[in-house]
Amino acid sequence: MSDTTALDAAKIDIRRWTREERGARVLYTPSFLAEAVELLSRLYAAGQEHRIEREDWAAVTSLPLGVLDALAARYCSRVELTSIELHAARDALISELTAKGLSVRPGLRVAVDPVAGGPRFGYRGQEAPVSLALTGDGWGIRVDEVASADALRIAAPATEGGAREVAELVRKILRGEAPSPFAAPAAEETRT
């Protein structure tokens, strides 16, 4: 498997494992996905040096899922930031959300109001804002209601650049351009 072939295979496999984000445990940003593709392609190439083909990995484990989970663990836990870094990332998030025309209410959690004509995320389909936070567990997003579930993790760098990616992801979610991460997973059809 050449480096190009490994890269192509990694792109296909990462795309397949992240295609459907409805009900996902972690939301992925473009820089995270690019890093996952790079790592997976290197693992495929290293396996090839030992005559382990892509299909051989699939017979014993889900290497793409392992790559996603391992990288997400790094982005979504044990994040250490100084207060200066935390404020810079939060300020970049607020600035980017505002630049995208979204109504933002800053605080420890940054609340972002729904947009006209966009999906509704509140209890029983009522209108509710989403809130974002950057903590020691990385970026998180949740419906900003008392009865809301725990925050979903967003795999993005805890940096100003990561904040810009998070803002774009939120814009897409609020405008309905990305699947709702708050929707229940689609029920699998029963085969008879």
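Structure summary
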read-out: Filter result (surrounded by fewer than 17 Cβ atoms within 10 Å (Cβ to Cβ), outside any helix (DSSP H, G or I) and modelled with pLDDT under 85) within the stretch 11-58; value: ARG19, GLU20, ARG22, GLY23, ALA24, ARG25
read-out: Among the candidates ALA92, ALA133, ALA59, ALA46, residue that is free of Cβ contacts under 8 Å to residues at least 60 places away in the same chain, more than 19 Å from GLU177 (Cβ to Cβ) and within 20 Å of the chain's Cα centre (by Cα); value: ALA133
read-out: Test: residue in the stretch 144-162 that is touching an Asp or Glu at 6+ places or on another chain (Cβ under 6 Å), surrounded by 15 or more Cβ atoms within 10 Å (Cβ to Cβ) and not acidic (Asp, Glu); value: yes
read-out: Those residues of the stretch 62-110 which are closer than 16 Å to LEU39 by Cα and hydroxyl-bearing (Ser, Thr, Tyr), in sequence order; value: SER62, TYR75
read-out: Filtered residue count, the stretch 108-143, keeping only those that are modelled with pLDDT under 90 and acidic (Asp, Glu); value: 2
read-out: From VAL67, VAL112, VAL104, residue being under 30 Å from ILE12 (Cβ atoms) and of a type in the set (A, V, I, L, M); value: VAL67
read-out: Matching residues, the stretch 76-109, being open to solvent by 50 Å² or more (accessible area, probe 1.4 Å) and among the small types (Gly, Ala, Ser); value: SER83, SER95, ALA99, GLY101, SER103
read-out: Considering residues of the stretch 75-97 that are among the β-branched types (Val, Ile, Thr) and under 16 Å from GLU165 (Cβ atoms) only, the residue modelled with the lowest pLDDT; value: VAL79
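The values are calculated or read from the model by the stated rules, or taken from the named source; none is laboratory data. All figures in this text were calculated on a predicted structure; none of them were measured in a lab. Note that we place each Cβ from the backbone using ideal geometry, even for glycine, and neighbour counts take in every protein chain shown. To get the accessible areas, we keep the full protein, side chains included, count just its heavy atoms, and leave off ligands, DNA and RNA. Shrake-Rupley method; radii C 1.70, N 1.55, O 1.52, S 1.80 Å.
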